[in-house]
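Engineer: What follows is a structure written as structure tokens; I'll ask about it next.
The values are calculated or read from the model by the stated rules, or taken from the named source; none is laboratory data. What you are looking at is a predicted structure, and each value in this text was computed from that prediction instead of being measured. We place every Cβ from the backbone using ideal geometry, glycine too, and count neighbours over all the protein chains shown. Areas reflect the complete protein model, heavy atoms only, side chains present, ligands, DNA and RNA absent. Shrake-Rupley method; radii C 1.70, N 1.55, O 1.52, S 1.80 Å.
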Protein chains: 2
Amino acid sequence: MKRDSRLSVALHVLLHMAQRQASMTSEEMAACAGTNPVVIRRTFAGLREAGIVASTKGHGGGWSLGRPLSQISLADVQDALDEPVIALGRAEDSPGCLIEQAVNAALDEAVVEARALLTKRLATVSLAELFGRVDTTKIPLPKDHHHV
Amino acid sequence: MKRDSRLSVALHVLLHMAQRQASMTSEEMAACAGTNPVVIRRTFAGLREAGIVASTKGHGGGWSLGRPLSQISLADVQDALDEPVIALGRAEDSPGCLIEQAVNAALDEAVVEARALLTKRLATVSLAELFGRVDTTKIPLPKDHHHV
DNA sequence: TTTCATGTAATAATATTTGTTACATGAAAC
DNA sequence: GTTTCATGTAACAAATATTATTACATGAAA
């Protein structure tokens with residue numbers, strides 16, 4: 001299946017924004033992620049609502065971080081995207097089938113736990129930390145930037 | 001995205017097999033799950049390799065459980081299907097981008113942990129237990145069976 | 001008022017999962 | 001031995017999900 005990769009894209013672009021320390025247009029952001037500006041605007045709409053980024057329209061507009069990297073956890077970004085994250089597909093409903101109900105209940109329980117763990121785990125990592133893991137000495141200067 | 005629901009389907013059908021206490025054709029199994037016989041054969045091929053079920057060809061053939069329900073955990077079934085179960089989509093590769101590498105590494109770590117928890121959790125539940133959770137007094141007799 | 005950038009709807013392209021058809025293979029029944 | 005029934009697969013079609021693209025309205029600066 002084609003998996004939702006918005007979280008990965010969002011984090012990738014957010015760190016590029018941090019690296020630049022300046023606002024970026026969705027076109028520039030799209031270039032970072034190898035995607036389309038409209039996809040960026042769609043993806044980041046959720047982040048804007050969550051206050052993780054801010055956007056301004058018009059000439060000279062663009063996107064910027066809404067608060068310090070240290071105050072943004074990976075879980076914050078995940079939540080802002082409201083993607084399913086973990087989901088076991090459920091079989092087609094056979095209404096009234098007690099067996100199916102028991103199966104789905106059991107699977108749901110386990111999934112809820114795993115999902116909680118994942119969120120908890122993502123909450124322990126801030127963008128600042130993550131940014132710190134990148135060896136910035138090896139990153140080309142902004143002007144050279146394409147997909148780097 | 002359309003999520004892989006093979007685990008749900010497999011468990012559902014396995015319990016119906018247990019309830020019947022007799023071998024079933026893939027056509028009968030498909031009726032239980034509201035799907036197609038070929039889909040069942042495909043799905044259960046993995047379970048057969050894992051010894052969870054056995055199949056016999058020819059006249060009077062069909063599928064039967066390979067070992068007692070008590071010796072089959074939900075994790076066994078999950079493994080036999082080798083579906084991804086938990087996966088965060090990854091952005092398109094930007095080869096050599098250190099930021100993307102850091103992002104994906106961080107996400108992978110968290111996913112591996114969540115996946116391990118889910119498997120561990122599924123390993124604690126056997127099909128026998130799960131079957132016990134079904135109120136069998138409410139299940140119509142085999143002859144009445146369609147999607148029940 | 002021109003230019004630039006976001007916001008969003010509508011639509012197309014792409015990918016994944018599921019469903020279907022077709023037929024080969026194997027085993028029992030006759 | 002031939003007919004019947006069921007699995008085993010390949011090949012292909014349909015359904016669904018995600019991503020990409022186009023088009024245009026809106027807002028703000030030059």
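Engineer: Conditions first: (1) part of a helix (DSSP H, G or I); (2) within 20 Å of B:Ser126 (Cβ to Cβ); (3) away from every other protein chain (no Cβ under 14 Å). B:Ala45 passes all but one, so which condition is the exception?
Structural biologist: (2)
Engineer: Condition first: in contact with a helix residue (DSSP H, G or I) (Cβ under 8 Å, 6 or more places away or on another chain) and at pLDDT below 90. Now tell me which residues in region B:64-95 satisfy that.
Structural biologist: The answer is B:Asp82, B:Glu83, B:Val85, B:Ile86, B:Ala87, B:Leu88, B:Gly89, B:Arg90, B:Ala91, B:Glu92, B:Asp93, B:Ser94.
Engineer: Would you check which residues across region A:38-64 are among the aliphatic types (A, V, I, L, M) and open to solvent by less than 60 Å² (accessible area, probe 1.4 Å) and list them?
Structural biologist: We begin by selecting, within region A:38-64, every residue among the aliphatic types (A, V, I, L, M); these are A:38-40, A:45, A:47, A:50, A:52-54.
Within region A:38-64, A:Val39, A:Ile40, A:Ala45, A:Leu47, A:Ala50, A:Ile52, A:Val53, A:Ala54 qualify.
Engineer: Look at A:Thr35 and say whether it is polar (S, T, N, Q), surrounded by 14 or more Cβ atoms within 10 Å (Cβ to Cβ), within 14 Å of chain B (Cβ to nearest Cβ) and within 14 Å of DNA strand D (Cβ to nearest atom).
Structural biologist: Details: polar (S, T, N, Q): yes; surrounded by 14 or more Cβ atoms within 10 Å (Cβ to Cβ): yes; within 14 Å of chain B (Cβ to nearest Cβ): yes; within 14 Å of DNA strand D (Cβ to nearest atom): yes.
Here the answer is yes, as A:Thr35 does meet what is asked.
Engineer: A further question on this structure: Is it the case that some residue within region A:50-63 is assigned to a helix (DSSP H, G or I) and in contact with a strand residue (DSSP E or B) (Cβ under 8 Å, 6 or more places away or on another chain)? Please lay out each step first, then the result.
Structural biologist: Within region A:50-63, the first condition is being assigned to a helix (DSSP H, G or I), and the residues that meet it are none.
For region A:50-63, residues assigned to a helix (DSSP H, G or I) and in contact with a strand residue (DSSP E or B) (Cβ under 8 Å, 6 or more places away or on another chain): absent.
Engineer: What is the number of the single condition among (1) within 12 Å of DNA strand C (Cβ to nearest atom); (2) over 14 Å from the mean Cα position of the chain (by Cα); (3) at pLDDT 95 or above that B:Met24 does not meet?
Structural biologist: Every condition holds for B:Met24 apart from (1).
Engineer: Still on this structure, please answer the following. Quick one: what pairs do we get from region B:96-120, first residue at pLDDT 90 or above, second surrounded by fewer than 18 Cβ atoms within 10 Å (Cβ to Cβ) and part of a helix (DSSP H, G or I), C-beta under 7 Å, 6+ apart or different chains?
Structural biologist: Short answer, once both residue conditions are applied: B:Leu98/A:Lys138; B:Leu117/A:Glu113.
Engineer: With the requirement that a residue be touching a residue at least 40 places away in the same chain (Cβ under 8 Å), open to solvent by 50 Å² or more (accessible area, probe 1.4 Å) and within 12 Å of DNA strand D (Cβ to nearest atom), what does region A:3-22 give you?
Structural biologist: Listed by number, the list holds a single entry, A:Arg6.
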